[in-house]
1. If you stretched the chain out fully between residue 6 and residue 56, how much longer would it get, using 0.36 nm times the residue separation minus the C-alpha to C-alpha distance?
2. Which value, in Å² rounded to 10, gives the accessible area of residue 166 with a 1.4 Å probe and all protein chains present?
3. Using DSSP to call loops (not H, G, I, E or B), can you name the chymotrypsin sites (Phe, Trp or Tyr not before Pro) in the stretch 161-210 whose Cβ has at most 15 other Cβ atoms within 10 angstrom?
4. So between residue 166 and residue 94, what do we pick up on full extension, going 0.36 nm a residue minus the alpha carbon distance?
5. Give the accessible area for residue 178 in Å² (nearest 10); use a 1.4 Å probe, count only protein heavy atoms, and leave out ligands, DNA and RNA.
6. Which whole-Hz ³J(HN,Hα) couplings does the stretch 11-20 yield from phi under the Karplus relation 6.51 cos²θ - 1.76 cosθ + 1.60, θ = phi - 60°, glycine and proline marked x?
7. First compute the accessible area of the chain with a 1.4 Å probe, then give the percent of it belonging to carbon and sulfur atoms.
8. In deg cm²/dmol, rounded to 500, what helix-only [θ] at 222 nm does the chain give when every DSSP H run of at least 4 residues adds -39500 (n - 2.57) and the total is split over its residues?
Amino acid sequence: LVRDVTVRGIPTRLTATRGEARGTSHRVDFTWDNESLTFADVLEAVGELPIPPYLNRPTEERDKETYQTVYSKAGLHFTERVLTSLRQRGVDLEELTLHVGAGTFRPVKSEEIAGHEMHTEYISVSRTTIDKLLAHGCRVTAVGTTSVRTLESLYYIGVHIHQNPDASEEELHVGQWEPYDTHSPLSTEESLQCIRTYMERHSLDALHTS
């Protein structure tokens, strides 16, 4: 696919080439004919902000501000005033990061759910967050499905560490069907303690895995 576009006022020829297949998806390589432009410049000029399909409408200009809310970061639930009010009421707030994959925006097309492949999503959770989860007896109110997915994954990451204490962060990957196939005797607190010990042993301020 070749398209002539204007990026930062510069006429530019943008080329998209479909590459190798990755499961049910393909890698796409982008090239452009002006070396002074970055990929970020190109995305800003011709990219479109993806919004969840359940909103049932195309992307609008206002989404650039209203969809990027106070924790940046996506999430449509809070304003600064609401967060301030929660803190004033003694609510202990913590943030964690999930880099949302393409699967969030990809409809299920298979006849059976087992045929639907989800993309890997990368997470980042600080040691402080793990400490607070343990301090509160692992009881937490998660807001948003991204937070829930991340917290659920932490349990299985702890199971991985329990089984293989010397695993690298890259090896702590949670497979798509692993939660349905894993039967571990570890409690949630024991699993999180495995993560806490692992982070301390490796001098990690945050855990980065998928």
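The values are calculated or read from the model by the stated rules, or taken from the named source; none is laboratory data. Since the structure is predicted, the reported quantities are computational estimates derived from the model, not experimental observations. Note that each Cβ is placed from the backbone with ideal geometry, even for glycine, and that neighbours are counted across all protein chains shown. Heavy atoms of the whole protein, side chains included, go into the accessibility calculation; ligands, DNA and RNA do not. Shrake-Rupley method; radii C 1.70, N 1.55, O 1.52, S 1.80 Å.
1. 15.0 nm
2. 130
3. Passing sites in the stretch 161-210 are 177.
4. Working it through step by step, the gained length comes to 23.1 nm.
5. Estimated to the nearest 10 Å², residue 178 gives 40 Å².
6. Couplings: x, 9, 9, 9, 10, 10, 10, 6, x, 5 Hz.
7. 51
8. Values: 7 runs with 67 residues, N = 210.
Roughly -9000 deg cm²/dmol at 222 nm, from the helical runs in the chain.
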